[in-house]
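Before any comments, here is the structure.
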Amino acid sequence: MHTGILAIWNDCLSEAEKQYEDWYMGQHLPERVGVPGFRIGRRYQAVAADLRYFTFYDTDTPEVLWSDAYRERLANPTLETAEIMHSFRNMNRTVCRRVSQMGQFVAGHAVTARMKALPADVAQIQNTLIEATGVTGAEAWEAVEVPNAGATVESKYRDGPDESVGAALVFHVMREQDALDTCDALFQTLGDQAQIGAYQLLCELRAESLR
């Protein structure tokens, strides 16, 4: 199990949507997944959520996310990256450690719950929901402290400082209605402890496909 996660939720200015998509698919996703230690990048778009986009990267370990190779990319954004960063809004970005993973399948939808800390009964919540119709997998992530953390050259182009999470639950779900039902179940369990949203998978890129 890869233990590193870079978790990102964000909005984008509506007038920049096409440029955002062209940049993400044509440059940014391959660039990031091409960094040594990155394994998978997945992009999602909201079905019912407070933030329009959810993206996460699987890495060998959390340490990959403060490696020299990755810091070099953050310190030297391309001209296209610097330009599109001005269109990012409500950026929520966290380096995490995957602390648990259940199920074998990634599905067409994801339900995310952003929170300050994982609940004490996280395993019970995961076990209960993974038995529900359409739920194929569950993950729990916890934020890790990044050495020498601070604003990067790339982040300085964005509109205000990034937000972050203390932890997150992610459920992989096959169908839209099942995802919405999973959101409802999580809300009944977590209430206002978490910001819960349903997302549809847009694409996945694996490092081996770039070789």
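Key figures
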item: First in the stretch 133-146 and touching a residue at least 40 places away in the same chain (Cβ under 8 Å) and on the phi > 0 side of the Ramachandran plot, second anywhere and of a type in the set (A, V, I, L, M, F, W, C) and crowded, with 22+ Cβ neighbours inside 10 Å, Cβ under 7 Å, 6 or more apart; result: G134/V173
item: Helices (runs of 4 or more DSSP H) within the stretch 2-89 that include 1 or more residues without any contact (Cβ under 8 Å) to a residue 24 or more places away in the chain and more than 26 Å from C183 (Cα to Cα); result: 17-23, 68-75, 79-85
item: Unmet requirement for A149, which otherwise passes all of (1) under 30 Å from D68 (Cβ atoms); (2) hydrophobic (A, V, I, L, M, F, W, C); (3) buried (at least 21 other Cβ atoms within 10 Å of the Cβ); (4) touching a helix residue (DSSP H, G or I) at 6+ places or on another chain (Cβ under 9 Å); result: (3)
item: Residue within the stretch 86-105 that is farther than 24 Å from I40 by Cβ and crowded, with 18+ Cβ neighbours inside 10 Å present; result: yes
item: Residue in the stretch 154-176 that is of a type in the set (V, I, T), over 25 Å from S87 (Cα atoms), surrounded by 13 or more Cβ atoms within 10 Å (Cβ to Cβ) and free of Cβ contacts under 8 Å to residues at least 60 places away in the same chain present; result: no
item: Pair list, Cβ under 8 Å, 6 or more apart: the stretch 197-211 residue among the charged types (D, E, K, R), other residue surrounded by 15 or more Cβ atoms within 10 Å (Cβ to Cβ) and assigned to a helix (DSSP H, G or I); result: R206/V33
item: Any chance T55 is surrounded by 14 or more Cβ atoms within 10 Å (Cβ to Cβ), closer than 26 Å to E145 by Cα, touching a helix residue (DSSP H, G or I) at 6+ places or on another chain (Cβ under 7 Å) and not aromatic (F, W, Y); result: no
item: Filtered residues of the stretch 62-81 (kept if of a type outside the set (S, T, N, Q), surrounded by 14 or more Cβ atoms within 10 Å (Cβ to Cβ) and over 19 Å from the mean Cα position of the chain (by Cα)); result: P77, E80
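Values in this text are rule-based calculations from the coordinates and carry no lab data. Predicted model only: the values in this text are computed from it and were never measured. FYI the Cβ positions are ideal-geometry reconstructions off the backbone, even for glycines, and counts take in every protein chain you see.
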